[in-house]
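All of the numbers you see were taken from the coordinates with simple rules; none came from a lab. A quick note: this is a predicted structure, and the numbers were derived from the prediction, not measured. Using ideal geometry, Cβ is built from the backbone for each residue, glycine included, and neighbour counts are taken over all protein chains shown.
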Amino acid sequence: MPLRLYNTMSAKVEEFRPLQDNEVRMYSCGPTVYDYGHIGNFRTFVAVDILRRFLRQSGYEVRHVENITDVDDKIIRNSAREGVSVKQYTAKYEKAFLEDSATLNIEQPVLVRATDHIQEMANFIAELEKKGFAYRAEDGSYYFRIAKFPAYGKLSKKDFAGMEDGARVDVDEYEKDNARDFALWKAPKPGEASWDSPIGRGRPGWHIECSVMSMLELGESFDLHAGGEDLIFPHHENEIAQSEALTGKPFAHFWFHARFLLVEGEKMSKSAGNFFTIRDLVLKGHKPSSIRLLLASVPYRNQLNFTFDGLKQAASNVDKLRNFQLRLTTSQFSPGSSPEMQQLANESAARMKAALEDDLNTAQAQAAIFEMVRKANVAIDAGQIKHDDARSLLDALEKFDEIFAVLKDDDTLKMQSILQWAKEQGRESDISADLKEIVGAQTISDDEVQKKIGEIEAARAARDFKRSDAIRAELNAAGIMVEITKDGVRWRRK
Ligand code: AMP
Ligand code: ZN
């Protein structure tokens, strides 16, 4: 079956096929780097990452471009408040965004910065003016004339008939039901960053950057454009107006929007005290892998209610997957294969694929793999798994992990570097005892653990179970899980 995706433009689930050959050209709206990214932002970025990974798993070549908005109203306001340049202000948050993305195993797209494309934006606006879609105001700002673009509203399904011609709005984000000629270029104001350009001195509006950079990197028409649902209007509506007015061609073929996330059932906000960055959660002792699994646990178009109970559950689910993988790779199985286990592995992989092809139903894909793990664990306990079965089950698990990316056990290292960052920021008081314990566990080296495992084996061989239990408890306190199986003693970091 081909992939089916919901297209905000048609308001239907459609079969997804690239416009050209086997290559998918996709663009997603990236962060505005004026602060640390919160879990809402990262819900959307993880959803886009799942899409991109699944497209690749489905055999497509993916060219994925994402912008970094490093100049906008908020950035200008905040950098002026701190008395630093826009560049100095944004560099810190851009770096944080890259680190947080890596923390969540989000694959890096081709990243393009707004401030690196100011001249192209000015040229684009000049072309729009030539075609009558843009006009210059007395102060040197430029606006898009929406009355000249009758399709305005086609993405957000808003009817703007009867709107006031020539009414203008300066800010990048504005009232949702009010169409106004929006700013393409803003004349310089004292104390604000501005650039020289063929259309005069000033700075670009927010919407123009995505039209210009997406077309520059992907062509006038490309396959898919993504972002959070808040971007449908005005941001994406404006992108369509600017781009299609200029080229006369359809801009993006598919429009992909992730639903906003709630925290403990409420809209996330700083004032409600339920606002969390990725770093906040790690400082509380939550592992990046559990955050990622939870963010991906609900299909992107459904409401995800982020709760701490959910996060705990996700952590135990990650453990289940890692333990299962460890069990399969470290146990000895007799040669051959069994039809039941072959069927279980194949069916689970097929169910996972079918779920993802169904508008990226990540919940069902996760359910398929957990059911496989549960059944296979029972079979291992009963000695019903053969060598080739283990291989097939591991293959299915790997297919899962190509999309969900939670198996690699590098949480502690990532948490260590966030702890270090918090110290540098003077945020010691935010570092939880849980995080300290997890990170402290890393201080025992693999060699030392191995030595202790040797002592456990020796104690057990001498039937000194008291001693073997004591060493186990000691390792446990240092964050090492020790499992005694009939095939020997195994260990891993918690
Ligand atoms: P921003 O940095 O505000 O430009 O947002 C970056 C991305 O995060 C955009 O695609 C937004 O639509 C998305 N986003 C912002 N808040 C949330 C939220 N609460 N839930 C899901 N996505 C969000
Ligand atoms: Zn954008």
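Any idea what the alpha-carbon Rg over 2.2 N^0.38 Å comes to for segment 444-493?
On the way: Rg = 9.9 Å, N = 50, 2.2 N^0.38 = 9.7 Å.
Rg over 2.2 N^0.38 Å, computed on Cα atoms: 1.01.
Set against the 2.2 N^0.38 Å expectation for a compact globular protein, segment 1-157 has a Cα radius of gyration ratio of 1.25.
Would you mind putting 78-85, 350-357 in packing order, based on average other-beta-carbon counts within 10 Å, highest first?
The most tightly packed comes first, giving 350-357, 78-85.
In terms of Cα to Cα distance under 17 Å, which aspartates and glutamates are near enough to Lys494, apart from those fewer than 8 places away along the same chain? Leaving aside aspartates and glutamates fewer than 8 places away in the same chain, those within reach of Lys494 are Asp319, Asp409, Asp410, Asp411, Asp434, Glu437, Asp446, Asp447, Glu448, Glu474, Glu483.
Here's the list of lysines a cross-link from Lys131 could span, going by alpha-carbon distance under 19 Å and ignoring same-chain residues fewer than 8 apart: Lys148, Lys249.
DSSP beta bridges confined to segment 114-232 are antiparallel in about 80 percent of cases. Listed by chain and number, the lysines placed with their C-alpha closer than 16 angstrom to that of Lys157 are Lys12, Lys176; residues fewer than eight positions away on the same chain are left out. Using the Karplus relation 6.51 cos²θ - 1.76 cosθ + 1.60 with θ = phi - 60°, the per-residue 3J(HN,Hα) values for segment 39-48 come to 5, x, 3, 6, 4, 5, 5, 5, 4, 5 Hz, with x marking Gly and Pro.
In the structure shown, the pairs Lys267/Lys408; Lys130/Lys154; Lys353/Lys408 are assessed against 27 Å; a Cα-Cα span above that value is assigned to Lys267/Lys408.
For segment 395-494, a Kirkwood hydrodynamic radius built from all Cα pairs, placed in the Stokes-Einstein relation at 20 °C and 1.002 mPa s, yields a translational diffusion coefficient of 137 µm²/s.
The calculated 222 nm mean residue ellipticity attributable to helices in the chain amounts to -15000 deg cm²/dmol, summing -39500 (n - 2.57) over DSSP H runs of n ≥ 4 and dividing by all residues.
In plain terms, the residue of Cys210, Cys29 with the fewest other Cβ atoms within 10 Å comes first and the most crowded comes last, giving Cys29, Cys210. Annotation: the antiparallel percentage among DSSP beta bridges lying fully within segment 4-258 is about 35. When both bridge partners sit in the chain, DSSP labels roughly 45% of those beta bridges antiparallel. If you bin all the Cα-Cα distances of the chain at 10 Å, starting from zero, the percentages per bin are 4, 17, 25, 23, 16, 9, 5, 2, 0, 0. The modelled label-to-label distance between Asp35 and Asn302, using points 7 Å beyond Cα along the C-beta direction, is 2.9 nm. Shown in residue order for segment 278-295 are the 3J(HN,Hα) couplings computed by the Karplus curve 6.51 cos²θ - 1.76 cosθ + 1.60 at θ = phi - 60°: 4, 5, 4, 5, 5, 4, 6, x, 8, 7, x, 5, 6, 5, 5, 4, 5, 4 Hz (x for Gly and Pro).
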